[in-house]
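Engineer: Would you mind keeping the following structure in view while I ask a few things?
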Amino acid sequence: MIDPLQALLDSALRPNPFPPTSRYYGVRTTSRLTGEGTMVVYLQRRFVPGSDRFTVVQEHRVSSGERLDHLSTTYLGDPEQYWRLCDANDAMRPDALVEHPGAVVNIALPEGATGVPGA
């Protein structure tokens, strides 16, 4: 039988398993004991920040056939960072950002970062 208190402590003290570039980096884990006595460790909810928490540095007008992973590669240097574009544009569905040619996608600094005035 697993000691629930020890399992909870172990999960709380474990370093975050996600790299700093992950949308889940810094999201805490928690655990619960099932009716069968199994300890299940899971991520707490990640609250998506509002777009007002981002500093927009550029806008991109979507062309027909563009893909979000290509935009994130072009502007952020990593196709897996598409979630940053979603957060900065209040997009709940990633593909919604590139569905309509002519739509504008805001390219922003990471949440909370501000640009250098006049740069």
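The values are calculated or read from the model by the stated rules, or taken from the named source; none is laboratory data. Quick caveat, the model's predicted, so the values are computed rather than measured. Neighbour counts run over all protein chains shown; Cβ positions are idealised from the backbone, glycine included.
Engineer: How many residues are in contact with a Leu (Cβ under 8 Å, 6 or more places away or on another chain), outside any helix (DSSP H, G or I) and among the polar types (S, T, N, Q) when one looks only at the stretch 50-94?
Structural biologist: Going through the stretch 50-94 one residue at a time, the tally reaches 2.
Engineer: Still on this model: Considering only residues that are closer than 21 Å to ASP3 by Cβ and free of Cβ contacts under 8 Å to residues at least 24 places away in the same chain, which ones fall in the stretch 16-39?
Structural biologist: Residues of the stretch 16-39 closer than 21 Å to ASP3 by Cβ: 28-39.
Once the filter is applied, which keeps residues that are closer than 21 Å to ASP3 by Cβ and free of Cβ contacts under 8 Å to residues at least 24 places away in the same chain, the stretch 16-39 yields ARG28, THR29, THR30, ARG32, THR34, GLY35, GLU36.
Conditions tested, residue by residue: (1) closer than 30 Å to LEU5 by Cα; (2) at pLDDT 90 or above.
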| position | (1), (2) |
| --- | --- |
| GLN44 | yes, no |
| GLN58 | no, yes |
| ASP87 | no, yes |
| GLU111 | no, no |
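Engineer: Only one of THR74, THR55, THR38 is β-branched (Val, Ile, Thr), farther than 16 Å from ALA113 by Cα and within 20 Å of the chain's Cα centre (by Cα). Can you tell me which? Break it down into steps so the answer makes sense when it comes.
Structural biologist: Details: THR55 fails: farther than 16 Å from ALA113 by Cα; THR38 fails: within 20 Å of the chain's Cα centre (by Cα).
Answer to the selection: THR74.
Engineer: Test each condition in (1) out of contact with any strand residue (DSSP E or B) (no Cβ under 6 Å at 6 or more places or on another chain); (2) surrounded by 13 or more Cβ atoms within 10 Å (Cβ to Cβ); (3) of a type in the set (S, T, N, Q); (4) modelled with pLDDT under 90 for THR73 and report the one that comes out false.
Structural biologist: (4)
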